[in-house]
Each structure stands twice: as C-alpha cells, then as structure tokens.
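We did not get these values from a lab; they are worked out from the coordinates using the rules stated. Note that the coordinates shown come from a computational prediction; the quantities given were computed from them, not determined experimentally. Neighbour counts are summed over all protein chains in view; Cβ atoms, including those assigned to glycine, are modelled from backbone coordinates with ideal geometry.
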Amino acid sequence: MISIQNVSKWYGEFQVLTDCTTSVAKGEVVVVCGPSGSGKSTLIKCVNALEPFQKGEIIVNGTSVGNPKTNLPKLRSQVGMVFQHFELFPHLTITENLAIAQIKVLGRGRDEAEAKGLALLERVGLKAHAHKHPGQLSGGQQQRVAIARALAMDPICMLFDEPTSALDPEMINEVLDVMTELAQEGMTMMCVTHEMGFARRVADRVIFMDRGHIVEDCHKDAFFGSPRSERAQQFLSKIL
Ligand code: ADP
Ligand code: MG
C-alpha cells in the first residue's frame, strides 16, 4: 500500500531524512517511534505530499507521490491524516466539520455527507455532540472527531502523527481505543506514537528513527524483545 524507497530530504543545508526505505502492506499497522527531531513527522508528511523530498520514491497504492504529474489533491483525499493538534475548523459545528471536505473535495451532496458524518460520529461514540462546536468538546473528543473526519473521505490508509501527545492522560485511551478498532477492521495505518502499550497490542511492525535514519524496522516482538541498535535500547529503557 505504501512503499518508501531510498528517500532523502533536506531543509536547506540540513538533511532531515537519509536514505529511508520501508513499506506498509495493505491491512498492516506500523508504529513509528524515535527521539524528538528524528524525522518522524517529516517522513509521514512526505507520504501524503505535505512535504516534498529530493531523493528516492514513495508510492501509495500504485501512485508515485513525487511525480509532478500526480494529482496531489486526489492522493491527499485518499490518505487520511490525523495530527497532534486536531486541526478542526473552530467556527464550524462538528457536523459541518465532517461534511465540508466530502462536499468540496469528493463532490458529495450535503445530505449524503451529513449522513456519512453522523454514522462515523456514532462509531466514535459522539453522535450526541453533532450540533456543537469543537471548542465545546474535550481534547479526546475533538481527536475522535478528527479521526471520524478523516474516515469520512473513505481513505485507503491512515497516517497518525502523535495523535495522543496533546491529550490529558485520562483521554488518551479513548483515542487509542478508536485507533485499535480501526486496526482490527483492517485499516492500513502508519502511526507516529510513543504509546508503547498500543504498539505492543496493535502494531504489526515498529520502525525506530534516529537523526533522519530508519535504524530499526522489524516485527514488534523483535523490537520490544531485543532491539538491535544501542540507540533503540536506550530509547526503550527511558520510556518503558
Ligand atoms: P520528529 O517528528 O521526529 O520530532 P520532525 O520531522 O518534526 O521530527 O523534524 C526533524 C528535524 O527537522 C528537526 O531537527 C526539526 O527541527 C527539523 N525541521 C522540521 N521542520 C522543519 C522546517 N520546516 N524547516 C527546517 N527544519 C525543520
Ligand atoms: Mg513530530
């Protein structure tokens, strides 16, 4: 579903990604972890073309992301993205937040878009909040709305960038539960997260990044059992 081949990227003189190669199969859940500044956000932003890269190739479901001829709005509509800060539209109701991209990008009618949004709200346990504005919801609720909004586009895969890092501890699990259900339903997912409990329970593979390199890329049992690199061992010893 996602193939990342020898990708390198620079911000000016600074090389942020060095020769990164990995892939995510259909239905696979991959957790990306590593120290702050190691390039995790940049790597997943390259996957849906929110950031350009200078070397290598990324292919999502047969479409080359770096190819200038690729229809990027279409690609982005197929790749769901959930950020640390929910990025909901504050002036719109939850219903409108869920409908707007379906209408503007996919050309769905308002009734269809709102019905789809409501069904997804129900799935994340928030149907009763449809008429509210984002500011009236807790952080955990807003993040569940953000996930529902991404799902409303019928994505072929989902990217998560530290979706629980901005949340109070008691709200983390409600978001991880939604992500776990998605994984169990077979969604292809690439998740930047430091929630190692989630990684152990839900991930198929773990990628560990350090200073722009993919240092480990292995089955989760191998990662948690005996990471090969010293850097990953140190990282795990600090957060577990
Ligand atoms: P992570 O998500 O692992 O914390 P990032 O991908 O956000 O790491 O950033 C990797 C490195 O790239 C960091 O050193 C960061 O300071 C730098 N960086 C990120 N975005 C930019 C940018 N727009 N311009 C210049 N440097 C950036
Ligand atoms: Mg980041």
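Numbers at a glance
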{"quantity": "Cβ-based net charge around HIS213, under 11 Å, with every Lys or Arg adding one and every Asp or Glu removing one", "calculated": "-2"}
{"quantity": "Listed pairs LYS45/LYS132; LYS45/LYS69; LYS40/LYS69; LYS9/LYS104; LYS74/LYS127; LYS40/LYS220 exceeding 22 Å between Cα atoms", "calculated": "LYS45/LYS132; LYS40/LYS69; LYS9/LYS104; LYS74/LYS127"}
{"quantity": "Most fluctuating residue given options ALA115, ALA203, ALA130, as computed from a GNM of the chain linking Cα atoms under 10 Å", "calculated": "ALA115"}
{"quantity": "Reciprocal mean inverse distance between Cα atoms of region 61-161 - Kirkwood radius, Å", "calculated": "13.9"}
{"quantity": "Amide hydrogen neighbours beyond the local backbone of ASP217, cut-off 5 Å, H modeled", "calculated": "PHE208"}
{"quantity": "Volume per residue that the Cα convex hull of the chain spans, once the total is divided by residue count, Å³", "calculated": "124"}
{"quantity": "Computed Kirkwood radius, in angstrom, where 1/r is averaged over Cα pairs of region 115-240", "calculated": "15.9"}
